[in-house]
Amino acid sequence: MRRLLPVLASATLLLAGCSRRERANPFDPLNPATSGRPAGFVALAGDREVRLRWQAAQGTSLIGYQIFRRAPNETGYRAITDVLLTGATSFRDFPLTNGEDYAYRLYFVFLSGIGTRPAEDVATPGAAVPWLVEGGGTDLVQVTPDGRRVVDRFGGYGGTTDVAANPKDGRVWVADEGFGRLVVYQPSSRITVSIPGLDRPLAVAVDPVDRTGWVCDVGHDLAYHFTPDGQPASLPIAPLNQPVDAAVDPSDGSVWVCELGTDRVKRFDSGGMLFSRPVAEPSRVAVDSTTREGWITSYATSTVTHLAPGGQLLASLTDFTSPLGVAVDARRGRIWIADPGAGSVVVLHRDGSEDFRVTGLVDAGELAVDLGSGEAWVVLGRSGQLVRISAAGVVLRRLGGFQSPIAVSVDPGGR
């Protein structure tokens, strides 16, 4: 009897080995990685299109893949491709309708017929192109317009601090404190221009009219002005004392600067300084392109200051905990303010009265408004999320997985 024990043990090991080999089969429903479905399947929304991606699989019985789609107002899925070859890993579905949900299924196709366990995803096309950077991060991150997925990460940065997308040409300007430079990226051509020689570039602002950019360099106590190809567009603004943020008035190209070191907000044009207004510990500034008025937050003093184009005080609003990010939707007359201490975003009318609040947004630090749709995009640094909010204040999507997202900007697209 004792002699049989090793034989039985060996048989048990062989059976276990067979089981493990079967579970390693990507087509096996009990495979812990794939569940028998095509792996890595994602639907990436774009402008009037959806790009589908997946990982290639290997198998002697596999002859390819087939994609099915359920479009708006359709009750079931229908095939939108013939059998795709086994080497295929992507498919572009177009033209589609922006703002509508499209559901997809990707099936394996075998010699014996189509598989029974599809991979599934949903996407909502849109014109907007959201961009995000993480605190001290090494990537510029592009997100889908529906806020469901990361489209791509563009690496090579030393430590990102801010991002600004130009709504006229789609160029993305990135402050890279880690490498002491400003980077201009053109998505359509994938050309990157690096502007070196900075010390601590903390904030960047773009002029949508002449397509130039401003960068606040706290290390040099200057605000530099560059063309998209990296050439000086004008002399730097100097002297400054801790310039921490800037905003451009597209009506005349003038620039508003938060000067933290002197507790002032200053406005400059090509002829020099237009005004210098005391504002205690200014944090961020945004300009209303319709009224040409400025909105300034102060994280430290729990205040939002509203200034006229000439610097006159219009209002000092105190119903905040620690206001930080600010963006103006000039088309709809709204001012969006992130209040991380209160875990909310506050939306004001131009007269300073409150329109609505969006709560449940812990550590909502910075935000941007899609000028096309009126939607807002907010970064939550502590939870690593990007939140998409409708123009009516409804949270539409939360996308997680980021490392301390610090800034967001939205190109409305549609050009």
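The values are calculated or read from the model by the stated rules, or taken from the named source; none is laboratory data. Quick caveat, the model's predicted, so the values are computed rather than measured. Here the Cβ is made from the backbone with ideal geometry for all residues, glycine too, and neighbour counts use every protein chain on show.
Okay, residues lined up against (1) surrounded by fewer than 16 Cβ atoms within 10 Å (Cβ to Cβ); (2) under 20 Å from V378 (Cβ atoms):
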{"position": "P145", "(1), (2)": "no, yes"}
{"position": "V151", "(1), (2)": "no, yes"}
{"position": "G155", "(1), (2)": "yes, no"}
{"position": "G158", "(1), (2)": "yes, no"}
{"position": "V163", "(1), (2)": "no, yes"}
{"position": "D176", "(1), (2)": "no, no"}
{"position": "R181", "(1), (2)": "no, no"}
{"position": "P187", "(1), (2)": "no, no"}
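The condition of being in contact (Cβ under 8 Å) with a residue 60 or more places away in the chain and in the same structural domain as D370 (by TED's automatic domain parsing) holds for only one of V172, V218, V206, V183, that being V172.
Only a single criterion out of (1) in a loop (DSSP other than H, G, I, E, B); (2) in contact with a helix residue (DSSP H, G or I) (Cβ under 7 Å, 6 or more places away or on another chain) is not satisfied by T161, namely (1). Taking the criterion of being charged (D, E, K, R) and closer than 12 Å to P145 by Cα, the residues of segment 35-54 that qualify are D47, R48, E49. Taking strands (runs of 3 or more DSSP E) as the structural unit, those lying wholly within segment 78-158 and holding at least 3 residues that are among the hydrophobic types (A, V, I, L, M, F, W, C) and under 18 Å from the mean Cα position of the chain (by Cα) correspond to 129-134, 139-143, 150-155. Where strands (runs of 3 or more DSSP E) fall entirely within segment 358-415, those with at least 1 residues that are crowded, with 24+ Cβ neighbours inside 10 Å and assigned by TED's automatic domain parsing to the domain that holds A247 are at 364-369, 376-380, 385-389, 405-411.
Those strands (runs of 3 or more DSSP E) of segment 193-281 in which 3 or more residues are under 24 Å from the mean Cα position of the chain (by Cα), surrounded by 15 or more Cβ atoms within 10 Å (Cβ to Cβ) and not aliphatic (A, V, I, L, M) occupy 213-217. The condition (being farther than 19 Å from E366 by Cα and small (G, A, S)) is satisfied by just one residue among S276, S283, S298, S302: S276.
Do you know which of the residues in segment 315-335 that are touching an Asp or Glu at 6+ places or on another chain (Cβ under 7 Å) and either assigned to a strand (DSSP E or B) or aliphatic (A, V, I, L, M) (or both) is surrounded by the most Cβ atoms within 10 Å (Cβ to Cβ)?
V328
Conditions tested, residue by residue: (1) touching a Ser or Thr at 6+ places or on another chain (Cβ under 8 Å); (2) of a type in the set (D, E, K, R); (3) free of Cβ contacts under 8 Å to residues at least 40 places away in the same chain.
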{"residue": "A39", "(1), (2), (3)": "no, no, no"}
{"residue": "A43", "(1), (2), (3)": "no, no, no"}
{"residue": "S61", "(1), (2), (3)": "yes, no, no"}
{"residue": "G64", "(1), (2), (3)": "yes, no, no"}
{"residue": "F68", "(1), (2), (3)": "no, no, no"}
{"residue": "A88", "(1), (2), (3)": "no, no, yes"}
{"residue": "R92", "(1), (2), (3)": "no, yes, no"}
